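Asker: Structure below; questions to follow.
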Amino acid sequence: MTIPSMSSRKPSLAERDAVVARLRENFVDSTLDLGEFEDRLHLAERATDYASLMALVADLPAPATAPQPPPTPQALVPPRPVPLLSILGSVSRSLAALPQGQKSITVFGNTEFDISRATLPAGPSDLHVVVVFGNFELTVPPDMYVEVASVQVLANAEDHHNPARPSDPSTPWLRIRGAVVFGNLEVTRRR
């Protein structure tokens, strides 16, 4: 009886899940573009041996394993963006503070993001949004100016009742960057 080598054996479900998680992390970090992410995800689901599964992440940056610095007092730490990721599903999130550089990626899904009670810094804050065959709904405070600076391709971006851009540089406002492809981006205001 011959024992299969490590590379020719069938991958376990846990190994497959770990590769998919690593692909997802690299997509969120923009190491992989949408096409490459989808291609590799498709191949990961169909990998028949361990070697072909591991080849899908061989060229990606290694996960961070460096020791973490000692904790900093919470008052000094700005909120860290936690990417919103909705693929073939739905995500709903409400934040008390909007971290600079917040990202949202929606593919064949729906994302509801509420910052209507969030504290924003003075001046513009950027929100990076990518929607592909999906819907992104943003709720903001009633008097907040929102600039939609995203690219729409066969898509819709709506912002009804947008107030004028503030002339006071200390007034917080929001700039939405990114792309909407075959999807919808809608800004509503809390009443």
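Asker: Restricting the search to the stretch 108-137, which residues are outside any strand (DSSP E or B), surrounded by fewer than 18 Cβ atoms within 10 Å (Cβ to Cβ) and free of Cβ contacts under 8 Å to residues at least 40 places away in the same chain?
Answerer: Phe108
Asker: Among the residues of the stretch 87-96, is any over 19 Å from Gly183 (Cα atoms), out of contact with any Leu (no Cβ under 7 Å at 6 or more places or on another chain) and in a loop (DSSP other than H, G, I, E, B)?
Answerer: yes
Asker: Note down all Cβ pairs under 6 Å where the first residue falls in the stretch 33-47 and is in contact (Cβ under 8 Å) with a residue 24 or more places away in the chain, the second is surrounded by 15 or more Cβ atoms within 10 Å (Cβ to Cβ) and in a helix (DSSP H, G or I), and they're at least six residues apart or on different chains.
Answerer: These pairs meet every condition: Ala44/Val19; Ala44/Val20; Ala47/Leu53.
Asker: Scan the stretch 159-168 and give yes if some residue there is of a type in the set (Asp, Glu) and without any contact (Cβ under 8 Å) to a residue 12 or more places away in the chain, otherwise no.
Answerer: Yes, the stretch 159-168 has at least one match.
Asker: Give the residue, chosen from Ala75, Ala18, that is more than 19 Å from Val132 (Cβ to Cβ), out of contact with any Phe, Trp or Tyr (no Cβ under 9 Å at 6 or more places or on another chain), at pLDDT 85 or above and not assigned by TED's automatic domain parsing to the domain that holds Phe136.
Answerer: Ala18
Asker: Continuing with the same structure: Since Phe133 meets every condition but one in (1) at positive phi; (2) over 18 Å from the mean Cα position of the chain (by Cα), which condition does it not meet?
Answerer: Of everything listed in (1) at positive phi; (2) over 18 Å from the mean Cα position of the chain (by Cα), Phe133 misses just condition (2).
Asker: What about Pro169, is it more than 24 Å from Arg24 (Cα to Cα) and in a loop (DSSP other than H, G, I, E, B)?
Answerer: yes
The values are calculated or read from the model by the stated rules, or taken from the named source; none is laboratory data. Predicted, not measured: the structure shown is a model, and the values here were computed from it. Cβ atoms come from the backbone with ideal geometry, glycine included; neighbour counts cover every protein chain shown.
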